[in-house]
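Below is the structure I would like to discuss, written out as structure tokens.
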Amino acid sequence: SLRAPDGAPAWASQSGDPDTASNADRTRQRFMLLSDLDGMNLRCRADACGEIEDAIIECREGRIAFIVIDPDENFLGIADTNRLAPFAALGVTTGEEVRLDATKEMVLSSRELPEELDTLDRAACEAIYSAYGMTHPKTRGAIPMSQRTE
């Protein structure tokens, strides 16, 4: 199962303590080199879904914001369009693959990797999270514009 009873990704440890983590939490590596992520096979729920091509670092926050996916959408991968996914949707396994809590259709409908990373503004980032049914961390708990008072 990819999800815990509360709907959270099963690989996301709530306690942060490896000694008290559930079995699902233990499948996630505690640390890994970013260079090891590049080229790892990607599994979208039950299906093979391509491989990790790269990662995008959010410099102001000091964290990995997105992964770049080569989705193997065309024969032999010719002219594939790299797509983006929130790093938070990943569950790194101890093997040679990474699990993404998404369908291949979600990946294929997600935003393409832009030529210039500067075009990834807040709206673009929110759209990427939305494509995976997730809320962008910067908008959690925010008051919608329509409900704000001046």
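Could you say whether any residue in segment 99-117 is open to solvent by 60 Å² or more (accessible area, probe 1.4 Å), at pLDDT below 85 and touching a strand residue (DSSP E or B) at 6+ places or on another chain (Cβ under 9 Å)?
No, because not a single residue in segment 99-117 is open to solvent by 60 Å² or more (accessible area, probe 1.4 Å), at pLDDT below 85 and touching a strand residue (DSSP E or B) at 6+ places or on another chain (Cβ under 9 Å).
Based on this model, can you work out whether A8 counts as modelled with pLDDT under 85 and small (G, A, S)?
Working: modelled with pLDDT under 85: yes; small (G, A, S): yes.
Yes: the conditions hold for A8.
Would you say E96 is within 18 Å of D70 (Cβ to Cβ), at pLDDT below 90 and surrounded by fewer than 10 Cβ atoms within 10 Å (Cβ to Cβ)? Lay out the reasoning, then the answer.
Details: within 18 Å of D70 (Cβ to Cβ): yes; at pLDDT below 90: yes; surrounded by fewer than 10 Cβ atoms within 10 Å (Cβ to Cβ): yes.
When the stated conditions are applied, E96 passes them.
Oh, and also: Considering segment 135-150 alone, what residues qualify as being open to solvent by 50 Å² or more (accessible area, probe 1.4 Å), modelled with pLDDT of 70 or more and either within 10 Å of P86 (Cα to Cα) or not in a helix (DSSP H, G or I) (or both)?
T135
How about segment 44-67: which of its residues are in contact with a helix residue (DSSP H, G or I) (Cβ under 7 Å, 6 or more places away or on another chain) and either basic (K, R) or open to solvent by 70 Å² or more (accessible area, probe 1.4 Å) (or both)? Talk me through it step by step, then tell me what you get.
In the first step, residues of segment 44-67 are kept if they are in contact with a helix residue (DSSP H, G or I) (Cβ under 7 Å, 6 or more places away or on another chain); the result is 44, 47, 49, 52, 55-56, 64-67.
D47, the sole residue that qualifies.
The values are calculated or read from the model by the stated rules, or taken from the named source; none is laboratory data. Since the model is a prediction, treat every value here as computed from it, not as a measurement. Using ideal geometry, Cβ is built from the backbone for each residue, glycine included, and neighbour counts are taken over all protein chains shown. We work out accessible area using only protein heavy atoms, side chains counted, and drop any ligands, DNA or RNA first. Shrake-Rupley method; radii C 1.70, N 1.55, O 1.52, S 1.80 Å.
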